[in-house]
Each structure stands twice: as structure tokens, then as C-alpha cells.
Amino acid sequence: MRRFSAVTPLGLLELVAFLSGIPPVAGQSITVVSWGGSYGRAVNEGANIPFTEATGIRIALEAYNGGLAQIRAQVDFGSIHWDVVDLEMADAVRGCDEGLLEPIDID
């Protein structure tokens, strides 16, 4: 079963740094789900846009209001639409404990 990769706000930047080591693949994209508003704009301008420029990999950014309900529904129905989720630490821990999230393999 495919599960989500989760990051906390600071971890999102680490993820972008990690992913920048992946060679660009034409047409490749990932969906990153994060908080909207000014936070979402800051992440997009400070991390997502530079990542896309450096790798050629597009990021589809979706707004997210928190919690695990949407993640749980995607996992339960086997219809995963998100690749990376920017979570509060408590939700990240609970999601890992419940088997909803997948660690990011940095090796």
C-alpha cells in the first residue's frame, strides 16, 4: 500500500534539498500539500520555485487545513493523490504511529 511522506515545516526545506539530487525527468511532477495563505506563498517562493528551476521537476502545490482525515481517506480507499504533506508535528507522529505515513528514504 502506498502511503504518504510527511514533513514538518522545517523538514519541507530539507526535503526540497534532498529532492534536488534527483535528476530532472521530463514531465515529472510531485504534489506537495501545505498550509495556504502567506505560509504557502512563502514556501512556494522560497523552496518550490527554486526547486523546479534547479531540477525541472514541477511541484503541484495544494492547500491543506491540517489533521489526518484526508490522508486516512486516501490511504483507506487506495487512492493516493498527494506525494508530500507538510504536517504539524503531532499529526506527523500520530500518522506514523497509525501507519498512514511513509518515511522519506534519504539513502
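Here are the numbers for the structure shown:
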quantity	calculated
Dimensions (Å) - segment 24-107, Cα atoms, principal axes, largest first	35, 29, 25
Proximal charge balance of residue 29 [Cβ under 13 Å; K/R count +1, D/E count -1]	-1
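Every number here is computed from the coordinates shown, using simple stated rules; none is lab data. Just so you know, these numbers come straight off a predicted model, no measurement behind them. Ideal geometry is used to build each Cβ from the backbone, glycine not excepted, and the neighbour counts take in all protein chains shown.
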